[in-house]
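Here's the structure we're looking at; comments come further down.
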Amino acid sequence: KCTELGVDYFIRFVSSRSQGRQSSDRRKKKQQRLQTIVKTACKQCGRLDLMELGRESVLADVLKMEFVEPCQKLILWEEAGGLKLGDIHFQDSLQNICLMLGPEGGFSASEVEEAVSCGWQSVSLGERILRAETATISAVAITQHLLGAM
C-alpha cells in the first residue's frame with residue numbers, strides 16, 4: 001500500500017513491543033517477499049521507480065539514522081497529546097517527510113522520549129487506536145493530502 005501511495009523508502013525495525021522475532025533466514029525470505037510485493041505494486045499502479053526497502057534494524061539505530069536529504073521527522077504515537085498529524089505545518093524548505101509508526105503494541109514512553117531527543121516530533125492520528133497496517137496507510141494518505149499530493 002505504501003508503494004501505491006508514493007512512499008520512497010521503507011524501513012522495518014524492532015522495538016520493545018515488537019512481536020514475532022524472526023531468525024535471520026526468515027528475515028531474508030521476508031525481505032525478498034516484500035521486494036516482490038513492491039515490484040508487483042509498482043506495475044499495478046503504474047509507478048516507474050521502486051520503493052526502496054531498507055534492511056530490518058533496531059529502533060535505536062533508526063532514530064539516529066542520518067538521512068541523505070533533510071527531512072521532517074514525525075513519530076506517530078497514540079499518547080502524543082493534543083498535536084495531531086493534521087495540525088502539522090510542513091516545512092516548505094523540506095521535500096522529505098519521515099513517518100515512524102510503531103508495532104501493534106505501540107511505542108513505549110521511553111522510546112518516544114528517545115525519539116524526541118533525536119529530533120523526531122511526536123504526533124497522533126487522533127482518538128482512535130488503529131492497527132499498525134491501518135495506521136500506516138492512514139498516516140501516509142493524510143500526509144500526502146496535506147502536501148497537496150492527493
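The values are calculated or read from the model by the stated rules, or taken from the named source; none is laboratory data. What you are looking at is a predicted structure, and each value in this text was computed from that prediction instead of being measured. Please note: Cβ atoms are built from the backbone with ideal geometry, for glycine as well, and neighbour counts cover all protein chains shown.
Considering only the stretch 28-76, how many residues are in contact with a Cys (Cβ under 6 Å, 6 or more places away or on another chain) and assigned to a helix (DSSP H, G or I)?
Total meeting the criteria: 1.
Cβ-Cβ below 6 Å, separation at least six or inter-chain, first residue in the stretch 103-128 and free of Cβ contacts under 8 Å to residues at least 40 places away in the same chain, second outside any helix (DSSP H, G or I): which pairs?
Sorted first by the residue in the stretch 103-128, then by its partner, the pairs are V112/W77; V112/S122.
Hey, any hits in the stretch 85-97 for a residue that's surrounded by 17 or more Cβ atoms within 10 Å (Cβ to Cβ), touching a residue at least 12 places away in the same chain (Cβ under 8 Å) and among the β-branched types (V, I, T)?
Yes, some residue in the stretch 85-97 is surrounded by 17 or more Cβ atoms within 10 Å (Cβ to Cβ), touching a residue at least 12 places away in the same chain (Cβ under 8 Å) and among the β-branched types (V, I, T).
Identify the single condition in (1) surrounded by 11 or more Cβ atoms within 10 Å (Cβ to Cβ); (2) without any contact (Cβ under 8 Å) to a residue 24 or more places away in the chain; (3) not small (G, A, S) that L76 does not satisfy, given that it satisfies every other one.
(2)
Just to be sure I understand, how many residues within the stretch 40-88 are of a type in the set (K, R) and over 16 Å from G6 (Cβ atoms)?
Residues in the stretch 40-88 being of a type in the set (K, R) and over 16 Å from G6 (Cβ atoms): 4 in total.
Any idea which residue in the stretch 105-117 is modelled with the lowest pLDDT, counting only those that are surrounded by 14 or more Cβ atoms within 10 Å (Cβ to Cβ) and not in a helix (DSSP H, G or I)?
Ranking the qualifying residues of the stretch 105-117, first place goes to G106.
State all residues of the stretch 103-143 that are of a type outside the set (S, T, N, Q), closer than 11 Å to E78 by Cβ and touching a helix residue (DSSP H, G or I) at 6+ places or on another chain (Cβ under 7 Å); if no residue qualifies, say none.
Of everything in the stretch 103-143, those that are of a type outside the set (S, T, N, Q), closer than 11 Å to E78 by Cβ and touching a helix residue (DSSP H, G or I) at 6+ places or on another chain (Cβ under 7 Å) turn out to be V123, L125, L130.
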